[in-house]
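Taking it in order: structure first as structure tokens, then the write-up.
The values are calculated or read from the model by the stated rules, or taken from the named source; none is laboratory data. All of these numbers come straight from a predicted model, not from anything done at the bench. Note that each Cβ is placed from the backbone with ideal geometry, even for glycine, and that neighbours are counted across all protein chains shown. Note: areas computed on protein heavy atoms with side chains; ligands, DNA, RNA excluded. Shrake-Rupley method; radii C 1.70, N 1.55, O 1.52, S 1.80 Å.
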Amino acid sequence: MQTDIWPEEGALSPLHPKYVWVLRIRGLIAAVPFLALAVGLDFGPLRETSVPPGLVPAAVLLLALVLVAWLPGRRYRGYGYREEADELHVGAGMLFRARTVVPFGRVQHIDVAHGPVERRFGLSTLILHTAGTRGAAVPLPGLPHLEAERMRDRIRAKIRQD
């Protein structure tokens with residue numbers, strides 16, 4: 001259980017550890033076009049300037065390494081959740097922390113979504129759609145697929161009881 005992220009409000013359960021790899025792959029996918037652009041600029045327009053060859057691609061590569069190696073671990077440690085009898089607590093963030101409490105009575109419908117990267121790791125995102133406009137969709141990523149479906153079914157059963 002995570003206790004260091006939200007000590008003042010009770011312990012939250014961490015996401016599945018494989019979610020770090022999902023975040024890394026998404027970061028890599030986001031970084032590749034920028035790296036390709038930097039290499040293209042290095043062999044093109046930057047050749048006619050005083051910028052040393054390879055400097056721009058090296059800087060973009062360094063940024064990509066941070067995006068792929070370090071940042072996903074920080075983001076993963078910032079997430080947590082706790083399911084209670086009549087509400088779901090979702091915490092996210094390290095620098096700017098947000099704690100969302102979703103009362104099951106406000107839930108309109110529930111989705112379980114998983115893209116190709118999440119599917120590869122057997123993970124899903126549980127999405128609670130609530131009444132209202134601000135924060136009307138509350139995602140909880142990084143859950144094992146079967147657990148996300150079980151949570152969806154438990155929450156749906158609690159909603160039907162009310």
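General observations
- Computed with a 1.4 Å probe over protein heavy atoms only, the accessible area of SER50 comes to about 120 Å².
- Accessible area ranking (1.4 Å probe, heavy atoms, ligands and nucleic acids excluded), largest first, for HIS89, HIS109, HIS145: HIS109, HIS145, HIS89.
- Geometric extent, Cα atoms of the stretch 72-162 - Rg, Dmax (angstrom): 13.1, 39
- Whole-percent pair-distance distribution, where bins are 5 Å wide, for the alpha carbons of the chain: 2, 9, 15, 16, 15, 13, 9, 7, 6, 5, 3, 2, 1, 0, 0
- Diffusion coefficient (Stokes-Einstein, Kirkwood radius over C-alpha pairs, 37 °C, 0.692 mPa s) for the stretch 48-115: 208 µm²/s, rounded to a whole number.
- Rounded to the nearest whole Hz, the Karplus-based 3J(HN,Hα) values (6.51 cos²θ - 1.76 cosθ + 1.60, θ = phi - 60°) of the stretch 26-42 follow the sequence 4, x, 5, 4, 6, 7, 4, x, 5, 5, 4, 5, 5, 5, x, 5, 5, with x at glycine and proline.
- Mean-square fluctuations from a GNM of the chain, with a 10 angstrom spring cutoff on Cα atoms, peak among VAL60, VAL112, VAL90 at VAL60.
- Alpha-carbon centroid distance for the pair the stretch 24-101 / the stretch 103-162, whole angstrom: 26 Å
- The value of relative contact order for the chain, using C-alpha pairs under 8 Å at least six residues apart, is 20 percent.
- The chymotrypsin sites (Phe, Trp or Tyr not before Pro) of the stretch 21-112 meeting both criteria, a DSSP state outside H, G, I, E and B (loop) and at most 11 other C-beta atoms within 10 angstrom of the site's C-beta, are PHE96.
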